[in-house]
Amino acid sequence: MGIRTLLIFAGALCLAGSGVAASAEQERVYTDPRSAADAPLPPFSGAVLVGNTLYLSGHIGVDANRHVPDTAEGEARAVLDAIQKTLVKAGMTMDDLVYVQVFCSDVAHYDAFNGVYRGYFQHEFPARAFIGAGHLLFGARFEVQGIAVKR
């Protein structure tokens, strides 16, 4: 099963890099409720759906005022809720994730993140990387991105 997931991820990277994805029908998934009058929106899509595969951009667990929750667990919940919200908008669930990357400002938060992360899945966990990344935007502890395939 690990090999299958790796092949799916490798295939997705090859497809995206080959330009083939650009010719396939694409749908952008936006979850940011702010209007252009409130603040400039970032120059990327929250997620892009190509066929039955959803490519999720990096999400961070901050509120509308860009404040980070006080605890690592609170922030982990906030970022995973943001990922879940994006998946739901695309008609998917957390169990459709096949690959997740977690960028972390300090790997000492590994156990706190995992304690929250486990509760977001009903079935098997996706393949995942947990990367010590140093400073993240807005002082966030975690940034999470991933790839989901609709069952």
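The values are calculated or read from the model by the stated rules, or taken from the named source; none is laboratory data. Since the structure is predicted, the reported quantities are computational estimates derived from the model, not experimental observations. Methodologically, a virtual Cβ is constructed for each residue, glycine included, from the backbone with ideal geometry; neighbour enumeration extends over all protein chains shown. Note: accessible area is taken over every heavy atom of the protein model, side chains too, but ligands, DNA and RNA are not part of it. Shrake-Rupley method; radii C 1.70, N 1.55, O 1.52, S 1.80 Å.
Bridge orientation summary for the range 32-151: considering DSSP beta bridges with both residues in this region, about 75 percent are antiparallel. In terms of its C-alpha gyration tensor, the range 31-145 comes out oblate, because a/c is 1.5 or above while a/b does not outweigh b/c. Taking label points 7 Å from Cα along the Cα-to-Cβ direction, residue 44 and residue 89 give a separation of 1.5 nm. Accessible surface calculations at 1.4 Å, restricted to protein heavy atoms, place the range 97-151 at 53 Å² per residue.
Comparing Cα centroids, the range 90-105 and the range 124-151 end up 7 angstrom apart.
Computed over the range 84-144, relative contact order equals 47 percent, with contacts defined as Cα pairs under 8 Å that lie 6+ residues apart.
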